[in-house]
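Rule-based calculations on the coordinates, nothing more; no lab input. Everything numeric in this text was worked out from a predicted model, so none of it was measured. As a convention, Cβ positions derive from the backbone with ideal geometry for all residues, glycine included, and neighbour counts pool all protein chains shown.
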Ligand SMILES: [Zn+2]
Ligand SMILES: [Zn+2]
């Protein structure tokens, strides 16, 4: 599948479109994503933020430290997060994409917080913390 990649919320009030290919597709097992999504594991599709356009007026933000998560104010669907430490990127919930099957995760992040009963039998790289390399080249 090639760009543009579109997505949106459950009710359709929030829509977005990315005009570039994703640079990152990852599972996240952290407790913060778990609270925000309600699901035992989340998955995200990362794009350059300057290649993303939103339409609709119902997008709401919730700031928690360096991370700001967005959701639809009408239906509550989680949409995306941005991180002050990764200012060029935006990460959409994989389930918010119109074609979620097109975005196969390539790694697991924060497996140190993975729920003990959750077993995912793939051979993907597993990171104890973040899977995203910082701009200075390190993976903390
Ligand atoms: Zn909605
Ligand atoms: Zn997370």
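Numbers for the structure displayed
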item: Footprinting exposure proxy for 91, 62 (fewest neighbouring C-beta atoms within 10 Å first); result: 62, 91
item: Proxy reagent accessibility, fewest Cβ within 10 Å first, across 123, 32, 98, 89; result: 123, 98, 32, 89
item: The chain, helix-only ellipticity at 222 nm - DSSP H runs n ≥ 4, -39,500 (n - 2.57), divided by all residues, nearest 500; result: -1000 deg cm²/dmol
item: Rel. contact order, % - alpha carbon contacts under 8 angstrom, at least six apart, the stretch 1-132; result: 27 percent
item: Calculated FRET efficiency for the pair residue 23/residue 98, C-beta based, R₀ 22 Å, to 0.05; result: 0.70
item: Approximate spin-label separation residue 57-residue 1, in nm, with each point projected 7 Å along Cα-to-Cβ; result: 3.0 nm
item: Among beta bridges that DSSP assigns inside the stretch 21-140, antiparallel share in %, nearest 5; result: 85 percent
item: Ranked 57, 129, 51, criterion: other C-beta atoms within 10 Å, fewest first; result: 57, 129, 51
item: Relative contact order (%) - criterion: Cα under 8 Å, at least six apart; region: the stretch 1-50; result: 32 percent
item: Top of 16, 54, 103 by mean-square fluctuation, Gaussian network on the chain, Cα under 10 Å; result: 54
item: Inter-label distance for residue 39 and residue 117, nm, one decimal - labels placed 7 Å from Cα along Cα-to-Cβ; result: 1.8 nm
item: Convex hull volume of the stretch 1-68 per residue (C-alpha atoms, cubic angstrom); result: 118 Å³
item: Fraction in percent of alpha-carbon pairs per bin - 10 Å, the chain; result: 12, 44, 36, 8, 0
